[in-house]
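Below you'll find the structure, written out as structure tokens, and then a few comments.
Just so it is clear, none of the values below were taken in a lab; they were calculated from the coordinates. Here the structure is a predicted model, which is why all the values come from computation and not from measurement. All Cβ positions, glycine included, derive from the backbone under ideal geometry; neighbour counts span all protein chains shown.
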Amino acid sequence: MRFEPVSLPATAGALRAEVRAFLAGHHWTPTVRARSWMGFDREFSREVGQRGWIGMVWPREYGGHARSGLERTVVLEEMLAAGAPVGAHWIGDRQSGPLILRLASEEQKRRILPGIARGELAFCIGLSEPEAGSDLAALRTRAERTPGGWKLNGRKIWTTFAHLSDYMIALVRTSAAPEGGSRHAGLSQFLVDLRLSGISIRPIHDMLGEASFNEVTFDDVLLPEDALLGAEGAGWAQATAELAYERSGPDRYLSSFPALAAAVDPLRTVPGAEAPLGRMVARLATLRQMSLSIGGMLERGEQPAQEAALSKDVGNDFEQALPEAIRALMEPDDMPHDLRALLDDLAQLAPTFSLRGGTREILRSIIARELGLR
Ligand SMILES: Cc1cc2nc3c(=O)[nH]c(=O)nc-3n(C[C@H](O)[C@H](O)[C@H](O)COP(=O)(O)OP(=O)(O)OC[C@H]3O[C@@H](n4cnc5c(N)ncnc54)[C@H](O)[C@@H]3O)c2cc1C
């Protein structure tokens, strides 16, 4: 695995200042900032879309802004650092939009991508199922050909924001895996309009008592012919390529950053805090370089699946450890309210960081395979 250094483009400084000025006009509670890309606010997403900061790298003909991936990274970094509630456009911008751009029909691209770029269309990811999480190829939701298209039956689980989204991109089985052959064969991806009849969405409550994810049931849902994304049977390779976008971005190490930003000032007067704080910032700088490097690979059209797995694994370690590392330096009663509230929420959210988007064990098995260890 190689992580070539990447420098941000000359335009990055001015863009960063522009995003910061925009964000300075918004004020979010610690509860919102602790959730960041798990916060869903359509009005805010529309504002971001109006600024041209969604679909930044897509061609103009599809509502994009033809900017570089590294400029996009600057916007993402600032949004996450501020803890902005970007969830209504995050999945569409990060992975569903790029997938549609690569694989959908011309008509679909023109119909859907501009809506994502305006911050008006929200997407969810339909991968996991009750018996298929880490072992994703065990999924059983299936689509069968019908005269006018496809008939979808089955169940997805843990689908973040399904109840608030317009579309899901679902990975489903379209033909049986060959006897004794790879279970990765016979899977396909579909663009599912969540308003179709036969779809029911049931909230699942997490340990905070919130319901950001859902169980989604498909009962004889009729999909049009062109709901198939890409090639029939090529779903596994397509979904795996999509995961490099999902696993390498700043959202995989910055989830706890608002707490670090809020801790710097109060820690100035705490004896002995400099060295631990310096270590946190040094780790952050390293993770950022790794993530930027993968951004560069994606921009060159490479498929850095292993590098993305490594980057997510060490990034999750950092964002999980950060709240406790800050707490160890200061008594709760000495903390400003804002910092304490952030840390309280992050303590409960942090366990999910190494589950969502692929668990720690699964990422490590991908890394071990790349290193020839298994
Ligand atoms: C906050 C959150 C949001 C999510 N959002 C979505 C979403 O929008 N869409 C979606 O499709 N999914 C979503 N997920 C689901 C997530 O992708 C799965 O939870 C994850 O892939 C693990 O699957 P599982 O829950 O079935 O656990 P399991 O696969 O049953 O794993 C249980 C434990 O066993 C370990 N394990 C499993 N297999 C192995 C192995 N071969 N070797 C070693 N250890 C192993 C795992 O690492 C884990 O610790 C979300 C999850 C969370 C927590």
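Observations on the model:
- Prolate/oblate/rounded label for the range 18-157 (Cα gyration tensor, a/c 1.5): oblate
- Look at Lys151, Lys109 and count the other Cβ atoms within 10 Å of each Cβ; fewest to most, that gives Lys151, Lys109.
- Computed over neighbours whose Cβ is under 9 Å from that of Val57, the net charge equals 0, Lys and Arg +1, Asp and Glu -1.
- Environment charge of Thr11, counting only residues whose C-beta is closer than 12 Å and scoring Lys/Arg +1, Asp/Glu -1: +1
- Principal axis dimensions, the chain - Cα atoms, whole angstrom, descending: 72, 44, 42
- Working note: 222 nm ellipticity from helices only, DSSP H runs with n ≥ 4, each -39,500 (n - 2.57), summed and divided by the residues of the chain, gives -14000 deg cm²/dmol to the nearest 500.
- Cα-based helix-to-principal-axis angle, 69-82 vs the chain, degrees rounded to 10: 60
- Shape of the range 125-236, Cα gyration tensor, a/c cut at 1.5: oblate
- For the range 328-374 versus the range 39-118, the inter-centroid distance based on Cα atoms is 26 Å.
- Taken one residue at a time, the phi angles of the range 322-330 give Karplus couplings (6.51, -1.76, 1.60, θ = phi - 60°) of 4, x, 5, 4, 6, 4, 5, 9, 8 Hz. Gly and Pro are set to x.
- Straight Cα distances below 26 angstrom link Lys312 to the lysines Lys156, with same-chain residues fewer than 8 positions distant left out.
- Cβ-based exposure ranking for Met38, Met79, in which fewest neighbours within 10 Å come first: Met38, Met79
- The C-alpha atoms of the chain define a longest principal axis, and helix 12-24 lies at about 80 degrees to it.
- Helix 274-299 axis versus longest C-alpha principal axis of the chain: approximately 30°, rounded to the nearest ten.
- Cα gyration tensor shape for the range 249-370, rounded if a/c is under 1.5, else prolate or oblate: prolate
- Bridge type composition, the chain - antiparallel percent by DSSP, nearest 5: 85
- Amide H contacts under 5 Å for Ile204, placed H, 5+ residues apart: Phe213, Asn214, Glu215
- Neighbours of Ala143 by Cβ distance under 15 Å: Lys/Arg scored +1, Asp/Glu scored -1, total -1.
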